[in-house]
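Input: a single structure, listed below in structure tokens.
The values are calculated or read from the model by the stated rules, or taken from the named source; none is laboratory data. None of the values given here were measured: they were computed from a predicted structure. Methodologically, a virtual Cβ is constructed for each residue, glycine included, from the backbone with ideal geometry; neighbour enumeration extends over all protein chains shown.
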Amino acid sequence: MDERIPSHKTAAAADKPCIYFSIGKECGLLSIGKCKGEKCSFRLTEQEYEAAQKQWKDRMNRMDPEKQIEISRKYYGGKKQW
């Protein structure tokens, strides 16, 4: 899992399944301070995040190998992240 995503496995976050939720009811992704809850368009559960990552990896693996190399060089320092 991405290290930039804050851990949400705290008692304070137990009722808030968003992966970006942090201690103090602050958003760990946006610079808005207090969490907007279900109204937030960036709200993402761990299951939704994992499904999105799987979909991204599957799509990347279906690409032409030369295109994969081009993307890995441009965005990932030449390392294939999928």
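List of remarks:
- Count - residues of the range 23-52 that are surrounded by 14 or more Cβ atoms within 10 Å (Cβ to Cβ) and part of a helix (DSSP H, G or I): 2
- Selection status of Q81, assigned to a helix (DSSP H, G or I), without any contact (Cβ under 8 Å) to a residue 24 or more places away in the chain and touching a Phe, Trp or Tyr at 6+ places or on another chain (Cβ under 9 Å): no
Okay, residues lined up against (1) hydrophobic (A, V, I, L, M, F, W, C); (2) at pLDDT below 90:
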position	(1), (2)
S7	no, yes
K16	no, yes
F21	yes, yes
E38	no, yes
A51	yes, no
